[in-house]
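Let me begin by presenting the structure, written as structure tokens, before commenting on it.
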Amino acid sequence: HQEILMDRLEELQAYSKGWMDITQADPTNVKALEAEAARFGVAPVQYRFRNENVSELKKVYMGLALVYGDKQESLPAITQVDTLEYELSRAIRSLLSDGPKPVIGLSTGHGEPDIIGGGGPLATLSSRLSETHDLRSVSLAGDQGVPDDVDALWVVGPQKTLSALALYHLDQFLMRGGALGIFATNTRADMRAMVPQNVYHGMDGFLGHFGVLLRRDLIVDRVRNGLMGFPVRQGRTVREVQLNYPLIPKATELDGDTPVLRGIDALLAPFVSSLELADPLPPGVQSEVWARTSPASGRIQGIRTIDPQAYQVLSPGEETGSWPFLVALSGRWSSYFTGKDAPPPSQPGSHAAPRLRESAPARLVAAGSADFVANNIPFMLNLADWMVQDEALIGIRAKNIGVPELRPIPEDRKGLLKLANLLGGVLFVLVAGLLRKAWLLGRSKRIGEAG
């Protein structure tokens, strides 16, 4: 790791043409250096060293601090090198940037998951996003709408119906040229009772106006799917066993031309509904299907159970095909409220911003699953950069820097390899000698015939 890091830093130093200095130090057991490392945000980590005879745990420093004037950025512990180039580029860009970070708004007030303060994968997503973006909760229930400094807005899994006022705020955000991402779930899973619960978020007509039809179905894929833990009784005990779950399609039919999917091979889409694009789309609007399920998948309406055993065979009325579930649109739209009265403010006396009826160039991303967000962290990071039109980091994030792995030779192949090493050289010399002799005989024959 140290050699790879130093190689990368030396490349950056050469590129900087004298504007970058590199200093190495090992603070271990040196109090003054340990205190300095702490000020720079570099903390010791416990690292296990192993060889054939011993395994021991040591306290080591594996961090990096970047300092520019009175600003600093740190990588507290570099324990892997796969994302090193991206992490360095992100830190340097943040260090040299004078302006504020782009703002991503997260809608609240309709039962959406708490991404900013949540746990599990959402905590990972929030932490990674916060490195390059400011995250902000945005209430759609009030009269203020989406703040002007919000660059992109995500609506993730509302469990309650959005009011006309909330839809108006989303509409006006798009009209002013915002980037809107909607991850809507039509079916919520009750894993205890193993039954589906319908979700009515009220965004069907809104999405339809902008060119996206969110169908009220559920996609099943018995061939390519993800895993889910289910309780299985074994004797007197009940254990959780990971089973392939047809209701978590694993999509590999991805649009390789979009930078958002660069470096991503597959996406998981739990409890996902299919999407369709309007034909024709609104004038001046372009669309892309970013992801669709495998041709072996099916879509079903009116399911009554989420028990995986129920999906071993085709269900009555199931349509088989490759179904889109993640789409992107860009262009200019007319307002959803064209020809309609604007919703009245929630508080008497409140004054709304001037109404926009035609949009500036805007972006809309829609997915038929809210659980998609927590299950595809790399994609969501790329999406955040794409939506705020900061796509330079996407290509860097997609690169992998790996240390070549030396694998031990299996015992059953060692003898064969030894024999090849011993006889390979002899056989090579023998074949070369025979070829040379044949060439000399042919040459002598040609000379004799010429004479």
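The values are calculated or read from the model by the stated rules, or taken from the named source; none is laboratory data. The shown structure was predicted, so the numbers you read here are calculated from the model rather than taken from an experiment. When we count neighbours, we look across all protein chains shown, and the Cβ atoms used for this are built from the backbone with ideal geometry, even at glycine. Surface areas here come from the heavy atoms of the whole protein model, side chains and all, with no ligands, DNA or RNA. Shrake-Rupley method; radii C 1.70, N 1.55, O 1.52, S 1.80 Å.
Some notes on this structure:
- Scoring 173-182, 232-241 by mean Cβ neighbours within 10 Å over their residues and listing the highest first yields 173-182, 232-241.
- Of the residues 322, 337, 300, the one whose Cα sits farthest towards the positive end of the charge dipole of the range 296-355 is 337 (charges of +1 on Lys and Arg Cβ, -1 on Asp and Glu Cβ, taken about the Cα centre).
- A protection proxy built from the mean count of other Cβ atoms within 10 Å ranks the segments 365-373, 193-201, 21-29, most packed first, as 365-373, 193-201, 21-29.
- Computed Rg/Rh of the range 208-364, alpha carbon atoms with Kirkwood Rh: 1.12
- Near residue 162: Cβ cut-off under 14 Å, other residues only, Lys/Arg at +1 and Asp/Glu at -1. The net charge is -2.
- Alpha-carbon gyration tensor eigenvalues x 5, square-rooted, for the range 68-152, Å: 29, 18, 8
- Measuring nothing but protein heavy atoms, the accessible surface of the range 290-343 at 1.4 Å probe radius is 49 percent carbon and sulfur.
- The portion of the accessible surface of the range 116-174 made up by carbon and sulfur, rounded to a whole percent, is 50 (1.4 Å probe; DNA, RNA and ligands excluded).
- Our coupling estimate for the range 25-33, obtained by passing each phi through the Karplus curve with A = 6.51, B = -1.76, C = 1.60 and θ = phi - 60°, is 7, 10, x, 3, 6, 10, 4, 4, 6 Hz, Gly and Pro reported as x.
- Here's how it looks for residue 297: its modeled amide H is under 5 Å from those of 321, which are all 5 or more places away or on a different chain.
- For the range 98-106, backbone phi angles converted through the Karplus equation (6.51, -1.76, 1.60; θ = phi - 60°) give residue-by-residue couplings of 9, x, x, 5, x, 9, 10, x, 10 Hz, Gly and Pro being listed as x.
- Sequence-separation-based contact order of the range 85-200, relative, with Cα cut under 8 Å and 6+ spacing, percent: 25 percent
- Here's how it looks for residue 134: its modeled amide H is under 5 Å from those of 103, 104, which are all 5 or more places away or on a different chain.
- Around the amide H of residue 182, modelled in the peptide plane, lie the amide H atoms of 155, 365, 366, 367, all under 5 Å away and 5 or more residues distant in sequence or on another chain.
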